[in-house]
1. Quick one: Cα centre-to-centre distance for region 441-511 and region 390-406, in angstrom?
2. From the phi angles alone, apply the Karplus equation (6.51, -1.76, 1.60; θ = phi - 60°) to region 611-626 and give each ³J(HN,Hα) in whole Hz, x where the residue is Gly or Pro.
3. log10 I(q)/I(0), Debye, Cα-only region 373-439, no solvent, q = 0.11, 0.23 Å⁻¹?
4. Just grab the label-to-label distance for Glu491 and Glu107, each label 7 Å out from Cα along the Cβ direction, in nm (one decimal).
5. Using a 10 Å cut-off on Cβ atoms, rank the peptides 54-66, 417-429 from the highest mean neighbour count down.
6. Under 5 Å between amide H atoms, partner at least 5 residues away or on a different chain: which partners does Met415 have, H built in plane at 1.01 Å?
7. For region 409-544, compute the number of Lys pairs whose alpha carbons are separated by less than 28 Å, excluding pairs fewer than 8 positions apart on the same chain.
8. Quickly estimate the mean residue ellipticity at 222 nm for the chain, helices only: each DSSP H run with n ≥ 4 gives -39500 (n - 2.57), and the total goes over all residues, rounded to 500.
Amino acid sequence: MQFRFVQRYLSSKVLPLWTVLLIDVLIVVVSTFLAYAIRYDFRSIFLENSTLDRTVFTSLVVNLIYFRLFRTYSGVLRFSSFIDILRIFASLTAAFVTMLLIRVSAEALWGIRWSPISVTLMAYICSFALMATTRVIVKILFEVLNFDGSHSDNVFIYGAKEAGVNIAKSLRVNLRNHYRLCGFIADEPEVIGKVIMGVRVYPNDDTLMENMASRGVHVVIVSPAKMDDLKRNDVADRLLANNVKLMTAPPLSEWNNQTLNRNQLKEIQIEDLLEREPIKMDMHRVASHLEGKRVLITGAAGSIGSEMMRQVASFNPYSLILVDQAETPLHDIRLELQDVWRNIEAHTIVADISNAPRMEAIFKEFRPQYVFHAAAYKHVPMMEDNVSESIQTNVQGTRIVADLAVKYGVEKFVMISTDKAVNPTNVMGCSKRICEIYVQSLAKKLQKEGRRGPQFITTRFGNVLGSNGSVIPRFRDQIQRGGPVTVTHPEIIRYFMTIPEACRLVLEAGSLGYGGEVYIFDMGKPVKIVDLAKRMISLSGRTDVKIEFTGLRHGEKLYEELLNVKELTKPTYHEKIMIANVREYDYDEVSQRIQHLVDLSYTYDSMRIVAGMKELVPEFVSRNSVFEQLDKPCQTEN
């Protein structure tokens, strides 16, 4: 009971500054007496007291001055670090030099007898040793009394350089009751086999799992400096295959007072393991387009639209006009704006882009200069079953917003499309291809007529990680429920990009375009969905979750393309952005056919609507869909 009281008291109390200063003063006094005792032996120390009192008094005053200047007493003893020891060393050294100057001056100028230099030197050495030792003892005593290893995990840290060592220090100081440091993992030969902070550095090779098993380690904390290596080599797969939990910490710049708390250590997610090079953006170019502008974002409450809002807000626009038909998510955006971007004039507007009078009222009132058009129905199976909505919202909605952009003098119009628009095999992808065709043909019409109008830009990219209704959140929910994780086909692959990455490239492409371009993004390497599922199951630590193959959904294909095979690309100054050479359409013909499709959509006759879509986009060949019968006559003729 008494031990627990002492333990609780020491963990919650901090010595006042004056107490620490008093301890240091006593150490200086004791060190001076000890130096005299060593110099003159213990029996005859008081025979030399003619200089003892003078030396003690002067040493006390001088050290007090430097203690104050260097603030040696300002730290918490149990959290003492190398910096605190350096501060003590600097203070005592300055005091020692001052004492020597006083001694020389006193004897040379006034003939005052002073203690020998050896006494001053020994007092200096003893003071430093005792002050440093006191802090080390308090630190060790605190750690011993407050250590409860019953719930701590043995851990290795991947990364044996500065970032990894900083994590290790935080484990020892703040998180020792949760994690016990047992070793480091390194790729660099020069540190392998060495000892850092009392533990060994192990190689990242075939012996790693054996070394971890021998130390009872089931958790690896990955240094932020090693995250790129974790993506490129096979260490993550090896660790996950052996049910090792992977965690990481934020960069040192995000720590509080250079210490890491438990909440900042997070489990590594599947998004962290997908190999992607960081996207570099020309901030000045983008800022010059958005700063001080009135920016309208459709679909502003969606995954892409909301991130577009955040990134645009960082470029100090004059105002934000945020349009979405989903009331609750838009309300969440409104609250976020009030919390984070309260200095920006923002308007959150519930509206349907296919409602022409409502959209015109918005354009007329707010006069946007820049439009990011992200609103669309995007789920492939849903649009296979709701064909009319894909036309009325995706196609007609885009036409309304684009036409209003021309009418109200918008400077730039950036439409967000999808890789499913290339060689579409489903209604959703074809509807987005029709949107591309309309926007591009409108841009070319304005250019041919020499009319001043918006610069119409189209951007295509693949799946974004973590977007609403996407595969990763779905897999995560299925894993939490105990499975099974449902994958449509063992060979299906997809391109993935994080939402912030996709939005950065959209902003960059928007600053590049002059009108009529279709930009495609380098999506990196495609990911096999079944491998994605396996990794997510391993990351969760579950061993009882199975994978079940359900078959391709309506309109789904095994792989997505970013370009039609007949298309070529042109490079831009940005290595991740290319311009697609797509087929150009005559605006008048396109406008007429789209109006026909819109009229058909109100008949709700899905077969007739899709037949009309295939006439406008002849490369649209349905897959795993009831609309495949519309393609059979064409296939027979070939």
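Coordinate-derived values only; no laboratory data. Remember, predicted model here, so these are calculated numbers, not experimental data. We place every Cβ from the backbone using ideal geometry, glycine too, and count neighbours over all the protein chains shown.
1. One Cα centre to the other: 19 Å.
2. 4, x, 5, 5, 5, 6, 10, x, 7, 6, 10, 5, 10, 6, 8, 5
3. -0.24, -0.91
4. 9.4
5. Numbers: 54-66: 18.0, 417-429: 25.2.
Ranking, from highest mean packing down: 417-429, 54-66.
6. Hits under the 5 Å cutoff: His373, Ile457, Thr458, Thr459.
7. Value for region 409-544: 17.
8. That comes out to -15000 deg cm²/dmol.
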